[in-house]
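Undergrad: Handing you a structure now.
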Amino acid sequence: MAKKIGVLVELDYCVGCSACQLACQDYYDLPVTETYMRVFLGKPDVVDGRHEMFMSPYAYRLDKCANCLEKEGEAPCAAICISRALHVDELDKINELAEKTDGHLAVYR
Ligand code: SF4
Ligand code: SF4
């Protein structure tokens, strides 16, 4: 049975550069209109007097992520992340990391 995979994004460190999305498209040789991970940029908002912008990669196809880990040992999208904000791993490890990590998180299971 395929291992369960999780994806965790530390939103305080993600700068919304979209390199993860491009790495995923490149790895799977997908056309620009197709992707297994998309980076969403939300509208800027004022929260507690500070300007904030929501941005987060969203992983659509965790079955494909499992394939990446099996073949490469690490996810191409996470390897390219300059902020080290993105983690793709077995679900147990992602859950452990989510407990240890402070700040805003997006976790896809
Ligand atoms: S997770 Fe990393 S590579 Fe992806 S948009 Fe955020 S900073 Fe860029
Ligand atoms: S782990 Fe692989 S399939 Fe999943 S988002 Fe990253 S590059 Fe794409």
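Undergrad: Looking at region 75-109, which of the residues that are surrounded by fewer than 12 Cβ atoms within 10 Å (Cβ to Cβ) and away from ligand 1 (no atom under 11 Å from the Cβ) is nearest to Asp26 (Cα to Cα)? Full working, then the answer.
TA: Looking only at region 75-109, we keep the residues that are surrounded by fewer than 12 Cβ atoms within 10 Å (Cβ to Cβ), and these are 82, 84, 92, 99-100, 102-103.
Add one more test, that the residue is away from ligand 1 (no atom under 11 Å from the Cβ), and what stays is 92, 99-100, 102-103.
Details: Asp92: 28, Glu99: 32, Lys100: 31, Asp102: 31, Gly103: 30 Å.
Filtering first and then ranking leaves Asp92.
Undergrad: Another question, if that's okay. Give region 66-92 a look and list any residue that's within 15 Å of the chain's Cα centre (by Cα) and not hydrophobic (A, V, I, L, M, F, W, C), or say none.
TA: Once the filter is applied, which keeps residues that are within 15 Å of the chain's Cα centre (by Cα) and not hydrophobic (A, V, I, L, M, F, W, C), region 66-92 yields Glu74, Pro76, Ser83, Arg84, His87, Asp89, Glu90.
Undergrad: Within region 8-109, which strands (runs of 3 or more DSSP E) (wholly inside it) include 2 or more residues that are out of contact with any Phe, Trp or Tyr (no Cβ under 8 Å at 6 or more places or on another chain) and without any contact (Cβ under 8 Å) to a residue 12 or more places away in the chain? I'd like the intermediate steps shown before the answer.
TA: Working: elements: 37-47, 50-59, 86-90, 105-108.
Passing ranges, in order: 37-47, 50-59.
None of the figures in this text is laboratory data; all of them are computed from the coordinates on show. Since we're looking at a predicted model, the values are computed, not measured. Counting neighbours? That spans all protein chains shown, and the Cβs are built from the backbone with ideal geometry, glycine included.
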